[in-house]
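Note sheet for the following structure.
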Amino acid sequence: VTPRLYDFALDSIPDEMVSGLPLPLSKGEIKAMLRVVLPPEWVRKQLDNAIDEVLPYFTKEKEHFLLRINLLERLETLKSVLIDILRKPEAYDYICREVVAQLVKQNLQQAQLPAGLTLTDAEILSVVKQVLPLEWYRALVPEMVGAVFSYLSGARQDLELLLPLANRKSAI
């Protein structure tokens with residue numbers, strides 16, 4: 001893979017892919033992440049192996065071919081990159097606003113609040129951020145991502161994510 005071809009492949013990331021991600025990442029951020037997770041040397045090695053497998057098929061020396069790309073060897077790097085992304089204040093803001101505050105809002109709609117008591121989206125978000133501050137969230141990210149990646153790599157048979165809220169009781 002030439003540097004130009006590699007760059008072209010990264011530049012070809014469709015905008016639809018960027019807009020479909022659960023976190024607000026720019027195309028530039030995705031490209032930077034891919035450069036770390038799938039560096040040119042690794043991609044080149046995978047393509048060389050693929051060519052070695054496919055060539056005998058095309059020359060009819062073999063009746064089939066098997067392509068193997070070992071993505072597991074890149075999981076640790078991907079895990080590290082995701083932890084860095086998720087620990088950013090922008091990710092925290094997004095998760096608080098789009099996930100946690102929305103869950104709280106849904107639960108409040110189902111709850112029997114006293115007549116006339118309402119909370120705006122801004123008030124709910126403010127309370128969420130007071131109860132679950134950025135520092136608490138940032139400390140939690142590596143453990144949560146680590147649990148997901150242990151499951152993905154097969155090191156764990158089940159995926160269980162527990163949010164330790166005991167130390168947040170007084171804030172709640």
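Summary of values
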quantity	calculated
Farthest positive-ward along the stretch 41-148 dipole, Cα basis, beta-carbon charges - from Leu55, Ser126, Trp136	Ser126
Estimated 222 nm signal from helices in the chain, with DSSP H stretches of n ≥ 4 weighted -39500 (n - 2.57), rounded to 500	-18500 deg cm²/dmol
Potential extension, Leu134-Val36 segment - 0.36 nm per residue separation minus Cα distance	32.7 nm
Equivalent ellipsoid semi-axes, the stretch 12-92, via Cα gyration tensor eigenvalues times 5, rooted, Å	34, 14, 10
Additional length obtainable on full extension of the chain from Ala171 to Tyr94, 0.36 nm per residue less Cα span	25.6 nm
Radius of gyration and maximum dimension Dmax of the stretch 130-172, Cα, Å	12.6, 37
Per residue, in Å², the accessible surface of the chain once ligands and nucleic acids are set aside, probe 1.4 Å	71 Å²
Computed accessible area, Thr2, all protein chains, 1.4 angstrom probe, square angstrom	80 Å²
The chain: most fluctuating residue of Leu140, Leu161, Leu25 per GNM, C-alpha cutoff 10 Å	Leu161
Gaussian network model of the chain, springs between alpha carbon atoms under 10 Å - residue of Arg35, Arg138, Arg87 with greatest fluctuation	Arg35
Highest-MSF residue in the chain out of Glu160, Glu53, Glu61 [GNM, Cα springs under 10 Å]	Glu61
Label-point separation in nm, Glu123 to Glu73, each point 7 Å along Cα→Cβ	5.7 nm
Chain lengthening between Ser26 and Ala111 when straightened (0.36 nm per residue, less Cα-Cα)	26.8 nm
Angstrom value of the Kirkwood radius, inverse mean 1/r, which spans all Cα pairs in the chain	19.9 Å
Carbon/sulfur fraction of accessible area - the stretch 43-172, other protein chains in place, 1.4 Å, %	57 percent
Cβ-derived FRET efficiency at R0 35 Å, Ser12 paired with Glu61, nearest 0.05	0.60
Alpha-carbon Debye profile of the stretch 75-172, log10 I(q)/I(0) at 0.12 Å⁻¹	-0.49
Cβ-Cβ FRET estimate between Lys45 and Arg156, R0 fixed at 30 Å, reported to 0.05	0.55
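The values are calculated or read from the model by the stated rules, or taken from the named source; none is laboratory data. What you are looking at is a predicted structure, and each value in this text was computed from that prediction instead of being measured. Cβ sites come from the backbone with ideal geometry, for glycine too, and all protein chains shown count toward neighbours. Ligands, DNA and RNA are stripped out before the accessible areas are found, and what is left, the full protein with its side chains, is counted by its heavy atoms. Shrake-Rupley method; radii C 1.70, N 1.55, O 1.52, S 1.80 Å.
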